[in-house]
Amino acid sequence: MRRISIFGATGSIGVNTVDLINRAGGASQFSVVALTGGANIALLAEQARNLGAKLAVTAFPEHLEELKRALEGTEIEAAAGPDALAEAATRPTDWAMSAIVGVAGLRPTLELAASTRVLALANKESLVCAGAMLQARCAAHKTLLLPVDSEHSALFQAMRGEDAAKISRLILTASGGPFREWTLEQMEKATPDQAVAHPNWSMGQRISIDSASMFNKALEVIEASVLFSMPQESIDVVIHPQSIVHSLVEFCDGAQIAHMGAPDMRGAIGFALDWPHRQPLPVKRLDLASIGRLDFAAPDPLRFPALRLAHEVLELGGGTGAAFNAAKEAALDRFLAREIGFLDMARLVESVLENAYVQSLCRQTPRELRDVEQIDDAARAAAARWKNTL
Ligand code: NAD
Ligand code: MG
């Protein structure tokens, strides 16, 4: 039986992964090594019971007693906290999903790179903060890294069987989010509730707001550069409100190969789960005649400065991705706490990237987790001090 683990099983990606595992036979077909979650203990315990998991871990120690109670009468082991998450990630598997949100996913992901055969990676923050480290670890342990982000799964699928040296450009599509047609003045006053309402994709709260600001697309530009070894000037973003074309690869002869499908993350998750053999998936079939038209437009750099910042991060290189991600996470926390406005998030991130101390730490590419943590701490400290002086 295939041994699997799901990190972030209770989140949006995690629930979709569990759905596909259940459809593929659940406990009768998979040996579930570990499931992890956060504060939603009822869901984590239910998933662990249904799938007969050996171990369930909550990220938060204050929820351990509740998790133990919810698992009473079973043989499922319960654990809590970052060390327990990291330990769970050292347990050998054939396939593992990394779907914790944020830099909290980095440590378990680095462990998974050494303990699993196929690492399905939704946690893009790992690649942004420590791409070289993660890839080196996968290479050292012969672990196959498969992207689960829909754009990167699309790119991966579009370049399958092609000569990587003949790829000239990667074009990521972006829906444009809920503020695609808002003015700068409107965006200045946007609230968390307005930002979380994504038009096409149903996702976790943080990635939904990152989609509205295009910080998510900025992370994805960096993710694509790391995953596919492409220079920043060869990665473009095009707005495509219908989210039908999931991304495109351009080749030296001018041909562009696009990946299309319904906006349903089970497409990308299922592709990684079934690799290397495609299997039927419960995603809606596209009917282009009823869709009628597909629209494309250039992103507005004034309203979506995050994209420019992503290219600057790649230009600076070293550990700048870790600073960028930490500043972005801290900015989002301050936006959610209503301390700063929606467009302040990009101003804050830009000022952190210009901070001399942060820059000095970012000159070298992180070699160990503690290098990333040092940059992360410095960037968050600078982010906490930032004030809008406009
Ligand atoms: P989510 O918020 O729905 O779920 C996050 C999961 O991480 C939950 O299980 C939660 O309990 C857990 N978690 C939260 N804080 C944690 C912490 N401090 N330590 C350990 N675990 C913690 O998020 P999501 O939308 O499923 O996204 C997960 C990852 O996948 C993110 O990196 C996101 O960028 C990426 N991703 C998501 C989508 C999507 O459609 N949702 C698409 C592409 C990529
Ligand atoms: Mg994506």
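Descriptive notes on the structure:
- When residues of region 146-174 are limited to those that are surrounded by fewer than 21 Cβ atoms within 10 Å (Cβ to Cβ) and of a type outside the set (A, V, I, L, M), the one nearest to ligand 2 (Cβ to nearest atom): Q157
- Among the residues making up region 70-84, those that are assigned to a helix (DSSP H, G or I) and surrounded by fewer than 16 Cβ atoms within 10 Å (Cβ to Cβ) are P82, D83.
- Exactly one residue among V15, V32 is more than 16 Å from ligand 2 (Cβ to nearest atom) and in contact with a strand residue (DSSP E or B) (Cβ under 8 Å, 6 or more places away or on another chain), and that residue is V32.
- Note on region 77-128: residues that are more than 10 Å from ligand 1 (Cβ to nearest atom) and of a type in the set (K, R) total 2.
- Residue count, region 19-44 (criterion: within 16 Å of T93 (Cα to Cα) and either aromatic (F, W, Y) or free of Cβ contacts under 8 Å to residues at least 40 places away in the same chain (or both)): 7
- In the set R107, R49, only one residue is more than 16 Å from ligand 2 (Cβ to nearest atom), within 25 Å of R23 (Cα to Cα) and modelled with pLDDT of 95 or more; that residue is R49.
- Residue check, R137 crowded, with 17+ Cβ neighbours inside 10 Å and without any contact (Cβ under 8 Å) to a residue 40 or more places away in the chain: yes
- Residue satisfying all of: in region 149-177; within 15 Å of ligand 1 (Cβ to nearest atom) and assigned to a loop (DSSP other than H, G, I, E, B); nearest to the chain's Cα centre (by Cα) among these: D149
- The one condition in (1) away from ligand 2 (no atom under 14 Å from the Cβ); (2) at pLDDT below 95; (3) of a type outside the set (K, R) that T143 fails to fulfil: (2)
One line per residue, one yes/no per condition, for (1) of a type in the set (G, A, S); (2) more than 26 Å from A262 (Cβ to Cβ):
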residue: T116; (1), (2): no, yes
residue: C138; (1), (2): no, yes
residue: H152; (1), (2): no, no
residue: F156; (1), (2): no, no
residue: G177; (1), (2): yes, no
residue: E181; (1), (2): no, no
residue: M187; (1), (2): no, yes
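- Failed criterion for D94 (all others in (1) touching a residue at least 40 places away in the same chain (Cβ under 8 Å); (2) among the acidic types (D, E); (3) over 26 Å from V148 (Cα atoms) hold): (3)
The values are calculated or read from the model by the stated rules, or taken from the named source; none is laboratory data. Computed from a predicted structure; not experimentally measured. Positions of Cβ are backbone-derived with ideal geometry, glycine not excepted, and every protein chain shown enters the neighbour counts.
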